[in-house]
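All remarks here apply to the structure that follows.
The values are calculated or read from the model by the stated rules, or taken from the named source; none is laboratory data. It should be emphasised that the depicted structure is a prediction, and the values quoted were computed from it without experimental measurement. Cβ atoms come from the backbone with ideal geometry, glycine included; neighbour counts cover every protein chain shown. Only protein heavy atoms, including side chains, enter the accessible area calculation; ligands, DNA and RNA are left aside. Shrake-Rupley method; radii C 1.70, N 1.55, O 1.52, S 1.80 Å.
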Amino acid sequence: MILGLSLGHRTVREAEHWLGGHVAPLGLPDLVACTHLVASPYPHVALSVAVPAATDRLAGLPATPPQLRAAAERAAGEHAARSSGRAVRYPGSDRMVGTLTVAELLAGSAVERVVVLGGPPAGPETPLHTRDFVRPRWQAGELVLVVTPHRSGGVAPFEVPDPTPCCADH
């Protein structure tokens, strides 16, 4: 069962905070919750929440306003196709802390593949410095974590926990 939600969150951080406060406490096993950037009817972040079986525990979540239903349907469709969406909650996400090996990441979470940008492929024993922030994305049917080489060896997720906003004073 996949539920699409579009509640008008303006930022990914705002959408993640909402998921943490409203979806995570439901305690649903094997839940996968994703964020989706959408442009219509205005730029915002839609959500998709997937659970393996139908449950009435999702019934308490707010309804998507009529003007945002197309965005919610798009998010649910992308998640169902496993073609797009940034996973915030997924099986094993709570254990993706500290430094793990790539093999530990793959064995202990729903992440199916690791792709290195700007470096050689990561082997099973390659250290992964999680920074306690691991956000894989659906790509071509797989939940993929994109990483980059880390200054102390190994790799780290490409997405950083606290990015500098565009056009911020440096």
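Miscellaneous remarks
- Figure legend. Inter-residue proximity from segment 99-120: first residues more than 13 Å from Arg135 (Cα to Cα), second residues assigned to a helix (DSSP H, G or I) and open to solvent by 40 Å² or more (accessible area, probe 1.4 Å), beta-carbon distance below 7 Å, spacing 6+ or different chains. Indicated pairs: Gly108/Arg95.
- Of all the numbered requirements in (1) open to solvent by 40 Å² or more (accessible area, probe 1.4 Å); (2) in contact (Cβ under 8 Å) with a residue 24 or more places away in the chain; (3) part of a helix (DSSP H, G or I), Pro25 misses one, and that requirement is (2).
Residue-wise test of (1) of a type in the set (A, V, I, L, M, F, W, C); (2) under 24 Å from Pro161 (Cβ atoms); (3) modelled with pLDDT under 95.
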residue	(1), (2), (3)
Leu3	yes, no, yes
Glu14	no, yes, no
His22	no, yes, yes
Thr35	no, yes, no
Ala46	yes, yes, no
Val51	yes, no, yes
Thr55	no, no, yes
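- Filter result (open to solvent by less than 30 Å² (accessible area, probe 1.4 Å) and either in contact with a Cys (Cβ under 6 Å, 6 or more places away or on another chain) or closer than 26 Å to Thr35 by Cα (or both)) within segment 123-140: Leu128, Thr130, Phe133, Val134, Pro136, Trp138
Here's the yes/no breakdown for (1) assigned to a loop (DSSP other than H, G, I, E, B); (2) touching a strand residue (DSSP E or B) at 6+ places or on another chain (Cβ under 8 Å):
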{"residue": "His79", "(1), (2)": "no, yes"}
{"residue": "Ala87", "(1), (2)": "no, yes"}
{"residue": "Leu106", "(1), (2)": "no, yes"}
{"residue": "Val115", "(1), (2)": "no, yes"}
{"residue": "Pro120", "(1), (2)": "yes, no"}
{"residue": "Pro124", "(1), (2)": "yes, yes"}
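- As a summary of the residue check, Pro149 satisfies the conditions (1) under 17 Å from Tyr90 (Cα atoms); (2) surrounded by fewer than 17 Cβ atoms within 10 Å (Cβ to Cβ) except for the one numbered (1).
- Residue that is farthest from Arg137 (Cα to Cα), among those in segment 64-88 that are touching a helix residue (DSSP H, G or I) at 6+ places or on another chain (Cβ under 8 Å) and crowded, with 20+ Cβ neighbours inside 10 Å: Thr64
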